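The values are calculated or read from the model by the stated rules, or taken from the named source; none is laboratory data. It should be emphasised that the depicted structure is a prediction, and the values quoted were computed from it without experimental measurement. A quick note on method: Cβ atoms are made from the backbone with ideal geometry, for glycine too, and the neighbour counts reach across all protein chains shown.
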Amino acid sequence: MITSHSNPKVKQVAQWQGSARERRDAGIFLTEGFKMCEEAPGEAIREIYVTSEALERSMSQPRLREKLEQAGYETVAPQVFRKMSDTQAPQGILCVVERPKYSLEQLLSGPAPLLVALEDLRDPGNLGTIVRTGEGAGVTGIVMSHGTVDIYNPKTIRATMGSIYRVPFVYTEDMGRAVAQMRERGIRVYAAHLAGEKDYDSFCYRKGTAFLIGNEGKGLSRELAQCADSLLKIPMEGQVESLNAAVSAALLVYEAHRQRRK
């Protein structure tokens, strides 16, 4: 059992928790909690750290027990685990997971892609919610500008509730070029914008579709909005001007899901 805060592995995990660059350089991300560790792809797990109490509980969950037996694990004293954890009330189990590799080419392939393209989203909770909602609505990929928050931010990981393992995504240095590639593939691109000409439920999304969602405060840049095929709006009552980015994305992808389901 690891009982010292100065243990090199403890220091390394704590460093990963606080540094996006360190995680990126190591090619890993961290997940915490029983559900997140249970759903982690077995072949991608590098290390598992668990307290004795969490280990006892894990042994009663067949899928999680199998992960522990296959990947191996190290037990950690509770007070040491708290140093490794990013949560205020840790469940006592943490996985170090290899990052998946996706390409824009993968996301653009298929008969009728359904994509969400995010420009400079800054809130990790918003991003995680979009990933989770996207999986529920059948989104086939998420494209993010370089200025978008790190998808492997611990808060983002928690907000995905496991969808991080199943929804393909890429970051791009040139979102305008990525949108151009979408259009070249016959994917129609819609920008959620205050200047939208028609309501979001006035369009057909049964074929290849991408929704552009902008920064929480500034919205989409003028340059990227001009790259879209159409500007759409979400109708508002009262004095509300716009909705939260994650809520807007949810409305759009579920409208596409509704149309495709029929």
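With in the same structural domain as I130 (by TED's automatic domain parsing), at positive phi and outside any strand (DSSP E or B) as the only criterion, which of G196, G217, G238 stands out? Show your work before the answer.
Numbers: G196 fails: at positive phi; G217 fails: at positive phi.
Checking each option against the conditions leaves just G238.
Take the residues in segment 36-71 that are in contact with a strand residue (DSSP E or B) (Cβ under 7 Å, 6 or more places away or on another chain) and loosely packed, with under 15 Cβ neighbours inside 10 Å; name whichever of them is farthest from A159 (Cα to Cα).
Selected residue: S52.
So which pairs qualify, if the first residue must be in segment 64-81 and over 15 Å from S52 (Cα atoms), the second must be part of a helix (DSSP H, G or I), the Cβ gap must be under 8 Å, and the two must be at least 6 apart or on different chains?
E66/G42; K67/C37; K67/E38; K67/G42; Q70/G42; A71/G42
Quick check on E32: is it crowded, with 21+ Cβ neighbours inside 10 Å, on the phi < 0 side of the Ramachandran plot and touching a residue at least 24 places away in the same chain (Cβ under 8 Å)?
Working: crowded, with 21+ Cβ neighbours inside 10 Å: yes; on the phi < 0 side of the Ramachandran plot: yes; touching a residue at least 24 places away in the same chain (Cβ under 8 Å): yes.
When the stated conditions are applied, E32 passes them.
Within segment 165-193, which residues are part of a helix (DSSP H, G or I) and touching a residue at least 24 places away in the same chain (Cβ under 8 Å)? Outline the logic, then answer.
Just the residues of segment 165-193 that are part of a helix (DSSP H, G or I), to begin with: 165, 175-184.
If the condition is that a residue be part of a helix (DSSP H, G or I) and touching a residue at least 24 places away in the same chain (Cβ under 8 Å), then Y165, M175, G176, A178, V179, A180, Q181, M182, R183 are the ones that fit.
Could you identify the single residue in V247, V253 that is under 18 Å from L107 (Cβ atoms) and of a type in the set (V, I, T)? Steps first, please.
On the way: V247 fails: under 18 Å from L107 (Cβ atoms).
So the residue among V247, V253 that is under 18 Å from L107 (Cβ atoms) and of a type in the set (V, I, T) is V253.
Does I93 satisfy the condition of being in contact (Cβ under 8 Å) with a residue 24 or more places away in the chain and closer than 18 Å to G42 by Cα?
Working: in contact (Cβ under 8 Å) with a residue 24 or more places away in the chain: yes; closer than 18 Å to G42 by Cα: yes.
The answer is yes for I93.
In this structure, does T140 turn out to be over 21 Å from G18 (Cβ atoms) and touching a Leu at 6+ places or on another chain (Cβ under 9 Å)? Lay out the reasoning, then the answer.
Numbers: over 21 Å from G18 (Cβ atoms): yes; touching a Leu at 6+ places or on another chain (Cβ under 9 Å): yes.
Taking the combined requirement at face value, the residue satisfies it.
Looking at segment 15-29, which of the residues that are hydrophobic (A, V, I, L, M, F, W, C) and modelled with pLDDT of 95 or more is surrounded by the most Cβ atoms within 10 Å (Cβ to Cβ)? Please lay out each step first, then the result.
Residues of segment 15-29 that are hydrophobic (A, V, I, L, M, F, W, C), as a first pass: 16, 20, 26, 28-29.
From what is left, the residues that are modelled with pLDDT of 95 or more are 16, 26, 28-29.
Details: W16: 22, A26: 16, I28: 19, F29: 25.
Result: F29.
Per-residue answers, yes or no, for (1) touching a Phe, Trp or Tyr at 6+ places or on another chain (Cβ under 9 Å); (2) at pLDDT 90 or above; (3) buried (at least 18 other Cβ atoms within 10 Å of the Cβ); (4) closer than 18 Å to V139 by Cβ:
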residue	(1), (2), (3), (4)
S202	no, yes, no, no
Y205	yes, yes, yes, yes
I213	no, yes, yes, yes
G217	no, no, no, no
L231	yes, yes, yes, no
M236	no, no, no, no
S242	no, no, no, no
A245	no, yes, yes, yes
